[in-house]
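> Here it is, the structure, as structure tokens.
The values are calculated or read from the model by the stated rules, or taken from the named source; none is laboratory data. Source: prediction; values computed, not measured. Every residue, glycine as well, gets a Cβ built from its backbone with ideal geometry; the counts of neighbours run over all protein chains shown.
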Amino acid sequence: MSTVNAFKTITCKELNDLAKTGCVDLIDVRTPVEFREVHSVHARNVPLDSLDPSSMMGARADSEAPVYVICRSGSRSTKACEAFVAAGFTNVVNVDGGTNAWDTAGLPVVRGKKAVSLERQVRIAAGFMVFTGTVLGVFHHEYWLGIPAFVGAGLMFAGITDTCAMGMMIAKMPWNQVQDACTAMKTGKTGGSETGSDSTSGGCCNA
């Protein structure tokens with residue numbers, strides 16, 4: 001385990017080994033649909049756009065116990081860790097490489113319905129807006145060229161600030177939500193299956 005910025009990081013294998021010795025509180029900050037597609041058996045879903053560190057920590061039995069955070073590849077979990085630190089909770093640990101690394105390492109996961117990742121959705125939306133605005137600007141009226149210019153400026157701003165307003169908006173769309181996802185996991189109605197040697201799911205554990 002290593003320290004990056006004001007929070008720690010841990011490899012997928014280290015976390016899985018740690019989970020074998022006791023309960024770990026692992027939150028997955030991806031959208032519910034991404035979580036449903038594949039997630040660590042130890043994880044529970046708390047989407048980044050609805051994350052409230054103070055409320056979450058206040059509801060825990062032991063607020064001093066470490067919180068482990070995972071996403072797809074590490075970007076959103078980093079933002080979540082920063083939010084915890086900003087709220088005054090420093091015992092937060094980012095899972096290096098995210099769910100992609102976890103799955104690639106062959107560690108135990110729960111699989112469900114396939115989904116398009118949020119990153120891909122952002123690229124699709126941005127590309128569609130640039131293409132549409134350019135075509136309309138060339139063949140209809142030059143004012144439409146303001147759309148690709150706006151998207152370009154937004155992408156540049158996102159790169160500089162490491163934020164993505166479009167991503168946060170898309171994350172709230174209905175197709176990125178799962179109705180009663182936590183209840184479905186508790187009753188085993190996710191349509192998924194577990195793979196790996198560990199058959200215990202951390203799904204909706206509020207440890």
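> Among the residues of the stretch 58-68, which ones are modelled with pLDDT under 85 and either hydrophobic (A, V, I, L, M, F, W, C) or under 13 Å from Gly88 (Cα atoms) (or both)?
Gly58, Ala59, Ala61, Ser63, Glu64
> Looking at this structure, is Ala165 free of Cβ contacts under 8 Å to residues at least 12 places away in the same chain and within 20 Å of the chain's Cα centre (by Cα)?
yes
> Can you give me the ranges of the helices (runs of 4 or more DSSP H) entirely in the stretch 53-154 with at least 3 residues that are touching a residue at least 60 places away in the same chain (Cβ under 8 Å) and either among the aliphatic types (A, V, I, L, M) or over 15 Å from Ser40 (Cα atoms) (or both)?
Because the criterion is at least 3 residues that are touching a residue at least 60 places away in the same chain (Cβ under 8 Å) and either among the aliphatic types (A, V, I, L, M) or over 15 Å from Ser40 (Cα atoms) (or both), the helices (runs of 4 or more DSSP H) in the stretch 53-154 that meet it are 75-86.
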